[in-house]
Amino acid sequence: MPAAADQAYVTLATTDSYCMGALVVGQCLRRHGTTRHTVVMVSPNVSRQARAALGQVFDHVLVVDVLDSGDWAHLYWLGRPELGVTFTKIHCWTLTQYRKCVFLDADILVLCNVDELFEREELSAAPDPGWPDCFNSGVFVFRPSLDTHARLLEHARYHGSFDGGDQGLLNTFFSDWAVKDIKKHLPFVYNLSANTMYTYLPAYQQYGHNAKIVHFVGLVKPWNLCSASQTSLPINSQLEEFVYQCPSQQQSPGCGERPKGTEDRALLIDDFTEPLLREVTLGTDQRPDPPRQLRETHTKPEDVSTVKDGGAKHNAPGPIEEHEPERRWLWEEGHIDYLGKDSFDNIQKKLDRFLD
Amino acid sequence: MLLTSCYRLFYPTWSVNVLGMPLARSMSITSLSGLEEWDEEFDLEDAVLFEIAWEVANKVGGIYTVIQTKARLTVEEWGENYFLVGPYVESNVRTQVELIEPTDPALKRTIDKMNSSGCKVYFGRWLIEGSPYVVLIDVAFTAWSLDKWKTELWNNFSIGVPWFDREANDAVLFGFLTAWLLGEYAAQCEDPPHILAHFHEWLAGLGLALCRQRQLPVATIFTTHATLLGRYLCAGSVDFYNNLAQFNVDKEAGDRQIYHRYCLERTAARCAHVFTTVSQITAVEAEHLLKRKPDIITPNGLNVKKFSAMHEFQNLHAQSKNRIQEFVRGHFYGHLDFNLDKCLFLFIAGRYEFSNKGADIFLEALARLNYLLRVNHSEVTVVAFFIMPARTNNFNVETLKGQAVRKQLWDTAHLVKERFGKKLYESLLIGQLPDVSKMLDKEDFTMMKRAIFATQRQCQPPICTHNMLEDSTDPILTCIRRIGLFNSSSDRVKVIFHPEFLSSTSPLLPMDYEEFVRGCHLGVFPSYYEPWGYTPAECTVMGIPSISTNLSGFGCFMEEHIADPSAYGIYILDRRYRGVDESCNQLTSYLFQFCQQSRRARIIQRNRTERLSDLLDWRYLGRYYIAARHMALAKAFPDTYYYQPHESDTNQGFRYPRPASVPPSPSLSRHSSPHHSEAEEDDDRYDEDEEAEKDRVNIRQPLPLPSKKGPAVPYGLPVPSANGNGDRATKGEKN
């Protein structure tokens, strides 16, 4: 396959927890029968076990020195300190053994074969839902070039990044993206942000099922939502939830309806990521961020209005196991066994325990 | 022939035992006249009442009206110890609440404590009649606790709430917050008072269940104003009342995806010390759908404004009727071939639910009435108004034109009159009697001819006053097309569909709802599903007769309290035990009968109707709430309070043999014989005062005075009939 040999998908993992996302990316690409190489860049702090797991899925695992933007005040102000690390991203331009690459963030989910992306030119990317004149740097097509890489570093040194992350840098570097060539605008379905879908609900309902790549932007990542001790069910339901629950925070009429196709998507996630995820979490002997932390990030002042329904989706620790959390989740999803276990007679028995 | 059959339909209704479910209640109070002050025997010194509802200072639906109108009476009873609890909604607070410091020290401590634990609780006065205190809780602010609370809900009740049901999630937050408030308040009181918490509707119900589960020292009352499932089932055109006992309620609720809400509602009903609903018919519904028979019925009242002049409402009727007549003159311009003085205005109003509100059988009955009036060569014309808001694209040109034409004719007539008057004046000035033939000159005639020419109209008067957006599928218009009531000149029944709420600023019919109702002759509300029904109650207090059904709370209530409701202008249609066609015949016969009445008979009937307004006043109906509260206190604090349940009258039920000692109420049949002439009127002796006195006897007395704990003799239960009738007998003799 000559066409494929000089083209590759590139992703990046800077911590062990991002490795889980990277694994999913690699596995999805495989599963959808890509003909291109797959490369994962990892930072030196990623554990050996995680690298090994990645090695099973990717063609190449590259260790890359972390470049830090150094703009700490800026980053702090933005409240996303972990983004500084993604400056490592621009190292992808040094992969000159490939003629053309598609970069995929580790927090995306590929839903079908997207090899047609390689027909695009540098720099093709999808608009960012928050400011559509900027592209979102979670998915982009580029041509590796040491020259470009050097100019990028230079640009970073002189101009910094207006959002403290790679996206600000790349957007000022490729500043004519918004206006020059419409072919470099990837359709939104190639980078559908999971938690902004509902800002235009009817469009989401119309087109959402066409999604090819879903991007879990923001602080809460799907792999953060499960802890190692939990069984397959929470992983499934939480990933599933993540796909269409974050949007539910902005309640609008009819949002209870699920767009077509999400069901399959959830199953798909569960099918093949779960064993891998477990392998990583066990192998690295490092538990992912506990839910507690997530909750805190959720209740930042600017989040107050949205916390209401979404802020508390995960199981609280404690005696929940005795109370059949699975059944509660089924209620939460609207699948209630009202003719069986959940019948009111059973509820009434519970009530009558405290009523004389 | 036809009439006899109508009457046969008419009479048997009264002997039907309406629901066959007697509720705990008895009668005794002597009379309604002036409603002597409620003799407060209950010692409420150390009791505190919280009334909790999602619609406190927050208008969403009808519960708001109930709570808002009832507040004054409750404040009078409980004073400083009455607190309404609702959700904090900023826009509402800005317009209807004055925030103040909590007056009660324990409540102040409670609110401070909650506010320092991550809640936002406000205290103020609700700026309505009675200015009750309100505690308003910002539900969204505490959303961070949602997951914790939902876990608790799951662990204690095995009820989950789907994440996508915003309202239900709000109910969870509101429930936990109100239970927190009550629990904290109980803890903050040095001397634990007797806390009474009255919860309305499922949205507030979880708070009640939590009070019970946490074993808080709180007496609880739960009132549903309709059941969730009942509403859903009726909306889905299910043969509801005939299958009431057969529904598999879990399945029905589950299939309609309201299972979690239904569970919350049923849990509250199950846990409450006292469970109440607003009407007999809803009681039956609750008994079957929530599986608990209400302990007492708490009907909804109104704040009746009394006019100082006795018959002021009759004058208002005349005034408003004139304005409706003006509208009708314009609407039917070019086709005014009927006598407006023999024209009766009927109306139906409410949410646009075609069959639930009974618009279907009303239309059908109008078609039959049209036929009856025609074959009987009646001079009466009926104009039926449908005031039901639908989606429209503003007024249609034809109706607006009608009003403009009418205005023009009026102006022309005025102009001619002026000129006429001037000539007359001039003629008199020179000392001559005017020559009538010269009073109108050619110019006048031209002007008048031109005006008449403008009233030429090719088309028939419109049915609908607005341009409907869904004209071809609109249920009312579709039905009218089918039954062919097109306002043609041969029709004795004309129909006007006004698909918008009335407003005094409308260019078409500039009246507000109240004025409009006053100007009509009869309100028609043949609803199939109507837990209470404020519309006929509002008619009644304005002295306008109405037709309701025995499936509406109002109809049940009236049927229970009045021996011969139709004599008082309260026609009650049987839709419970009859098929649609039969009900429709009955409705037709009521309407026909109403059309046969002379003007004088209608005036008398309006007087009688208006007298019933006492019965619908909160001053009177509030007693049911009082009884419910006493019942709850007695159940929760048996050591302190005592309430005598009146079992003895369960065997009495409520049947309608008219008490022997009571003079028969004025019979309607006299006025409604078909060939009734004005001359016979004079034989009809009518003494308003005398009759009013009789009425007081005729109106059933609803409730026992609840009695108090302690040595006071438990409410003596003389055989109710002996007590009541004995009383009445002596009264009758005095007269």
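The values are calculated or read from the model by the stated rules, or taken from the named source; none is laboratory data. Source: prediction; values computed, not measured. Don't worry about glycine lacking a Cβ; one is built from the backbone with ideal geometry, like all the others, and counts go over all protein chains shown. Ligands, DNA and RNA are stripped out before the accessible areas are found, and what is left, the full protein with its side chains, is counted by its heavy atoms. Shrake-Rupley method; radii C 1.70, N 1.55, O 1.52, S 1.80 Å.
Name the residues of segment B:139-166 whose accessible area falls by at least 40 Å² when all protein chains are present instead of the chain alone, probe 1.4 Å?
Hits at the 40 Å² cut-off: B:Ala143, B:Trp144, B:Asp147, B:Thr151, B:Trp154, B:Asn155, B:Phe157, B:Ser158, B:Trp163, B:Phe164, B:Arg166.
With a 1.4 Å probe and all protein chains left in place, how much of the accessible area of segment B:175-283 comes from carbon and sulfur atoms, in whole percent?
42 percent
Net charge around B:Ser503, counting only other residues with Cβ within less than 15 Å of its Cβ (Lys, Arg = +1; Asp, Glu = -1)?
-3
Report the local net charge at B:Gln319: Lys and Arg +1, Asp and Glu -1, summed over other residues whose C-beta lies under 15 Å from its C-beta.
Computed value for this residue: -1.
Probe radius 1.4 Å, ligands and nucleic acids left out: which of B:Asp564, B:Asp112 has the largest accessible area, and how do the rest follow?
B:Asp112, B:Asp564
Segment B:352-425: which GluC sites (Glu not before Pro) are DSSP loop and have at most 16 other beta-carbon atoms within 10 angstrom?
In loop regions of segment B:352-425 (DSSP not H, G, I, E or B), the sparsely surrounded GluC sites (Glu not before Pro) are B:Glu379.
At a 1.4 Å probe, what is the % contribution of carbon and sulfur to the accessible area of segment B:344-484?
Here carbon and sulfur together make up 58 percent of the probe-accessible area.
By how many nm would the segment from B:Ala245 to B:His414 lengthen if fully extended, with 0.36 nm per residue of separation less the alpha-carbon distance?
54.2 nm
List the GluC sites (Glu not before Pro) in segment B:214-315 that DSSP assigns to loop (not H, G, I, E or B) and whose Cβ has at most 12 other Cβ atoms within 10 Å. Which are they?
none
Roughly how many Å² is the accessible area per residue of segment B:184-310, as a whole number, for a 1.4 Å probe?
For segment B:184-310, the per-residue accessible area is 32 Å².
Using alpha carbons only, how many angstrom separate the centre of segment B:561-614 from the centre of segment B:88-111?
Segment B:561-614 and segment B:88-111 have Cα centres separated by 47 Å.
Could you list the GluC sites (Glu not before Pro) in segment B:44-75 that lie in coil according to DSSP, counting only those with at most 11 other Cβ atoms within 10 Å of their Cβ?
B:Glu45
Which FRET efficiency value, to the nearest 0.05, is calculated for B:Leu99 and B:Ser504 with the Förster distance at 41 angstrom and r the Cβ-Cβ distance?
Here the calculated transfer efficiency is 0.80.
Give me the percent relative contact order of segment B:79-174, please, defined on Cα pairs under 8 angstrom at least 6 residues apart.
Result for segment B:79-174 is 28 percent.
Beyond 21 Å between alpha-carbons counts as too far, so tell me which of B:Lys251/B:Lys291; B:Lys321/B:Lys407; B:Lys59/B:Lys635; B:Lys417/B:Lys449; A:Lys180/A:Lys212 fall in that bin.
In this structure, B:Lys59/B:Lys635; A:Lys180/A:Lys212 lie more than 21 Å apart at Cα.
Mean separation of Cα pairs under 8 Å and 6+ residues apart, divided by the residue count of segment B:118-167: what relative contact order is that in percent?
RCO, segment B:118-167: 26 percent.
As an exercise, find the ratio Rg/Rh for segment B:237-376 from alpha-carbon atoms, using the Kirkwood inverse-distance average for Rh.
Result for segment B:237-376 is an Rg/Rh of 1.13.
Please compute the net charge surrounding B:His335, taking Lys and Arg as +1 and Asp and Glu as -1 over other residues with Cβ under 14 Å from its Cβ.
With Lys, Arg at +1 and Asp, Glu at -1, the neighbours total +3.
Applying 1/(1 + (r/R0)^6) with R0 = 30 Å to the Cβ-Cβ distance of A:Asp59 and A:Glu326, what FRET efficiency is obtained, to the nearest 0.05?
0.20
Nearest 0.05, what FRET efficiency do B:Ala318 and B:Asp255 give at R0 = 51 Å with Cβ-Cβ as r?
Plugging the Cβ-Cβ distance into 1/(1 + (r/R0)^6) gives 0.45.
Full extension from A:Arg151 to A:Lys350: what is 0.36 nm times the residue separation minus their Cα-Cα distance, to one decimal in nm?
64.8 nm
Could I have the simple spin-label model distance between A:Arg31 and B:Glu690, label points 7 Å from Cα toward Cβ, reported in nm to one decimal?
Calculated label separation equals 9.2 nm.
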